[in-house]
Structure formats: C-alpha cells, structure tokens
Amino acid sequence: MRFYFSSIIGAACVAMAMSSAHAADFPVAAYKSQSVDSVYNWSGWHIGVNVGGGMGFNGQDIAGSNANGVAVVGTGAVPNYLKTNPYGFVGGLQAGYDQQFGRWVLGLEADFQGSTIKGSDSNVLSGGPLNVPISLTTNGESGLDWYGTIRGRVGFTPADRRRWLVAGGGAYGKLSAKP
C-alpha cells in the first residue's frame, strides 16, 4: 500500500513537472500597459452663477446753515458725521471663453451683479450764534445698485489640470448717494 501511495505522489509530481515544462513552450501574449497621456484642454466656454454679500464703511462730515447763512454744527453729544455703513446681498452671472495654444491659455471673462447694498443715517444738528437754538435734521443714504467687470486672462499650464493664471481688467457700476 505504501508503494502504491508513493507511486501516485511520484506520478503527480512528474506530471506537474512536465506540464510546466510544456507551458514554457506556449506563446504568451505580452501584457502592454495602456498608459493614456491625459492632457486636459482648457479651451471652451464657461458660465456661472454667484451669490454673496458685501458691506462698506461710508462717512461724511456734515454741517448746515440757517436761512441767514450762519453755520449750524453739531454740539455736545450730537455728532456732526453721517455714517451710512451700507450692507446687503449681491448676486449675478459670469461668463467667459478660454482658448489654449500649447501650454498657454488666453481668455476673456465678464460678469454682472445686482445688489441690495444700502445704508442710511440721520442726525439732528443743533446750535447757533449767541446761544439762539437752531436745529437742522440731516439724512444720508448710500448704496451700490449694480456693478460688473470685464477682464482678460493669460494662463500657463505647467502640468495636466494645473494652470497658473493672471487676470486684469476694469469695473463699472452704479452707486447711489443722497446727502
């Protein structure tokens, strides 16, 4: 029984050795890695929506005069300075186009924003010559109604999906102020 068991193990070892010797003779397709050079192209249109907020610090010295042209200024605890300090929300659209030339990208972008940024202040001025009481109420309001920008852009792509960008342009808008 022992001889029989040893013969089976021996035959299995010989069969395995022969099969691996034969396997080396079969042609094998070489595995070729499929490396894809992924180069991102920055050319094309882009459009977006934005929402945000803004605030400002706006102040103006104020003084008034009575009907005779005599200066009336703030006295005591009453300030003679209007601080409108506007704040509010902004929101708008931006759109642009980029064109890539090799590693360089040129583009143009513009945006337009609506705004609710507004502020107001009111003061009562009192005083007058020879201690004659005169008072004057002053009101001030300031705000940003809308604005937009337009800018050119120049970019350089040192690596895939990486871009260094320089932009410059101008802005326009409508400010409102009521002293």
*Counting just the residues of segment 140-179 that are modelled with pLDDT under 90 and of a type in the set (S, T, N, Q), which one comes out most open to solvent (accessible area, probe 1.4 Å)?*
Ser176
*Among (1) modelled with pLDDT of 90 or more; (2) under 30 Å from Gly53 (Cα atoms), where does Trp104 come up short?*
(2)
_Could you check segment 84-120 and list, in sequence order, the residues that are open to solvent by less than 80 Å² (accessible area, probe 1.4 Å) and of a type in the set (A, V, I, L, M)?_
Val90, Ala95, Val105, Ala110, Ile117
*Residues that are of a type outside the set (D, E, K, R), in contact (Cβ under 8 Å) with a residue 24 or more places away in the chain and not in a strand (DSSP E or B), drawn from segment 95-110*: none
*asked:* Among the residues of segment 114-131, what is the count of those that are at pLDDT 85 or above and not small (Gly, Ala, Ser)?
replied: 3
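The values are calculated or read from the model by the stated rules, or taken from the named source; none is laboratory data. Since we're looking at a predicted model, the values are computed, not measured. Counting neighbours? That spans all protein chains shown, and the Cβs are built from the backbone with ideal geometry, glycine included. When the accessible area is computed, the model is the full protein with side chains, heavy atoms only, and any ligands, DNA or RNA have been set aside. Shrake-Rupley method; radii C 1.70, N 1.55, O 1.52, S 1.80 Å.
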